[in-house]
Amino acid sequence: MVSSGAQRRSLHGQWSSRLTFILALSGSAVGLGNIWKFPYIAGVNGGGAFVLVYLICVFGIGLPIMISEILIGRRGRRNPVSTMSFLGEEETGNKHWRIVGLLGVVASFLILSYYSVVAGWALAYVFEAGSGTLVGIDAEGASHKFDGLTGNWFISGLWHSLFIILTVFVVARGVEHGLEKAVRILMPALVFLLFILLGYSMIEGNFSEALIFLFAPKFSDLSSEGILSALGHAFFTLSIGMGAVMAYGAYLSSEASIIKTSIAVVMMDTAIAILAGLVIFPIVFAHGLDPAEGPGLIFQTIPIAFGQLPGGRIIATVFFLLLTFAAWTSGIALMESPVAWLMETTGLERRKTAIFVGIAIWMLGLLSVLSFNELSDFELLWGTFFDSFDYLTANIMLPLGGFAIAIFSGWFMSANSTSDEIDASVDGVYHMWRISARFIAPVAVLLIFLNAIGIV
Ligand code: TRP
């Protein structure tokens, strides 16, 4: 019997309110993807045209797929693997849809392995800033500092280890609810600090050149690889295409509006990324740095701003602390999915599973630590281990997962089921979503893939 999502209740309780859900979802979405990765890949891919394609991907593809993921999660009310298998069976008689959930578990595992390395850098910078070594630093000094950290596998490996331990600690205890409260305070604090930095960049940086770089599209600068990166990053930054959002949706109350919630989260995530870009590029241009610097971009620019601001030592410490915190909430969500899946398939208890998964991710992460020193010349298919894990997950696995999720919700779930989850009061919106899930999002993902391979 098909029961409506409105009657189904999650076994694990529900979010206390829609605001809590928005906060939890933003806590997972807002992270290193917004502040570290977006400016760095926007710089590598030439700026304006990339940013425009990224925005189109976020709103045209990411938003409908986020809606699909939440609605699938709420209708299944289980972990992503079981939800896909259960709904696959219910809607199409085919349980193999669980593969989509499994792909997400693997993606979480791979992403966290290198995510944790970058989070480790942020953590290291909390202590650099706190001990005053960034005060008055110039561009050259900042580059030197960053290379000193990443070039030393032992030190950066230690920070990576510390971040994994912090993450395992929370996941092992299963205390996500304390985090919601923390997100409620710390995320606005991070945004507030970004605004202070924005003020600095507008006054001291080369703001007009940054605006041109970010918002005046020069399509000759954008390769088909760049378009794929923009698509991949839209998935990465919204945490979609891997079942993570499905897991959150499972706890969403049946009364909450999925559409309004998704729009709020997508807008907030995008605003923070753009804000980060507006902080960083004026500094890049004022100091003659290279926008295409790569993964070190924020670590080589933001310390310059703090180095010159009054009270910079304290604000810098707080900033990197908040950045670490944003990475931590994402890291917890990333680790939760392999842990939850393994617990359910093996019957192991949570604590043991979290420690086991933590050790496995930590070991894999060492390859990313070594990508900046001993193994920096070792090239796999897409560059170093670090680059390859990033490419494989963001540019291939997430778009593939998102494609499957869109197709499933648009073609394989009945219109009855999906319209049941998306409130009927906004009728036109439901149809817009359905057209996006059936046609626009899957076709766009396919075209971008084919284009990157060189077929279209
Ligand atoms: N969105 C996160 C960020 O921007 C990274 C991320 C990707 C993520 N997929 C996720 C976080 C799944 C939590 C769950 O930093």
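The values are calculated or read from the model by the stated rules, or taken from the named source; none is laboratory data. Only a predicted model underlies this, so the values are computations on that prediction, with no experimental measurement involved. Here Cβ is always computed from backbone atoms with ideal geometry, including for glycine, and neighbour counts include all displayed protein chains. Surface areas here come from the heavy atoms of the whole protein model, side chains and all, with no ligands, DNA or RNA. Shrake-Rupley method; radii C 1.70, N 1.55, O 1.52, S 1.80 Å.
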- Task: Return the carbon/sulfur percentage of the accessible area of the stretch 18-452, one whole number, probe 1.4 Å, all protein chains in place.
- Result: 68
- Note on the structure: Percent of all alpha-carbon pairs of the stretch 18-452 at distances over 36 Å, whole number, is 22
- Message: As I understand it, the value is the acute angle between the Cα axis of helix 153-173 and the longest principal axis of the Cα atoms of the chain; what does it come to in degrees, rounded to 10?
- Response: 30
- Item | C-alpha long axis of helix 176-204 to longest principal axis of the chain, angle in ° | 40
- Message: Compute the distance from the alpha-carbon center of the stretch 379-425 to that of the stretch 430-456, in whole Å.
- Response: 11
- In this model, which of Lys95/Lys260; Lys37/Lys181; Lys145/Lys181 are farther than 28 Å apart at the alpha-carbon? Lys95/Lys260; Lys145/Lys181
- Using label points projected 7 Å from each Cα along Cα→Cβ, tell me how many nm separate Glu225 and Asn152, to one decimal. 3.2
- Query: Do any GluC sites (Glu not before Pro) in the stretch 188-293 lie in a loop, going by DSSP, with at most 16 other beta-carbon atoms within 10 Å of their beta carbon, and if so which?
  - Reply: Glu255
- Task: Kindly write out, for the stretch 400-405 in residue order, the coupling ³J(HN,Hα) from the Karplus curve 6.51 cos²θ - 1.76 cosθ + 1.60 (θ = phi - 60°), rounded to whole Hz, with x marking Gly and Pro.
- Result: 5, x, x, 4, 4, 5
- Query: Going highest first, how would you order 433-445, 265-277, 147-159 by mean Cβ packing within 10 Å?
  - Reply: 265-277, 433-445, 147-159
- Which order, highest average first, do 195-203, 283-291 follow once you tally other Cβ atoms within 10 Å for each residue and take the mean per peptide? 283-291, 195-203
- Once the piece of chain linking Val106 and Ala415 is laid out straight, how much longer is it, given 0.36 nm per residue of separation minus the C-alpha distance between them? 108.2 nm
- Taking only protein heavy atoms and a 1.4 Å probe, what accessible area per residue, in Å², does the chain have with all protein chains in place? 39
- Message: Under a crude label model (7 Å from the Cα following the beta-carbon direction), how far is Phe439 from Ala360 in nanometres?
- Response: 4.2
- Message: Give me the percent relative contact order of the stretch 46-131, please, defined on Cα pairs under 8 angstrom at least 6 residues apart.
- Response: 14
- Note on the structure: With the 8 Å Cα cutoff and a minimum separation of six or more residues, the chain has a relative contact order in percent of 35
- Task: Could you work out how far helix 312-346 tilts from the main Cα principal axis of the chain, as a 0 to 90 degree angle to the nearest 10?
- Result: 30
- Query: Using r as the Cβ-Cβ distance of Leu447 and Leu381, and R0 as 30 Å, what FRET efficiency do you calculate, to the nearest 0.05?
  - Reply: 0.85
- Task: Tell me the label-point distance for the pair Glu255, His431, using the 7 Å Cα-to-Cβ offset, in nm and rounded to one decimal.
- Result: 3.0
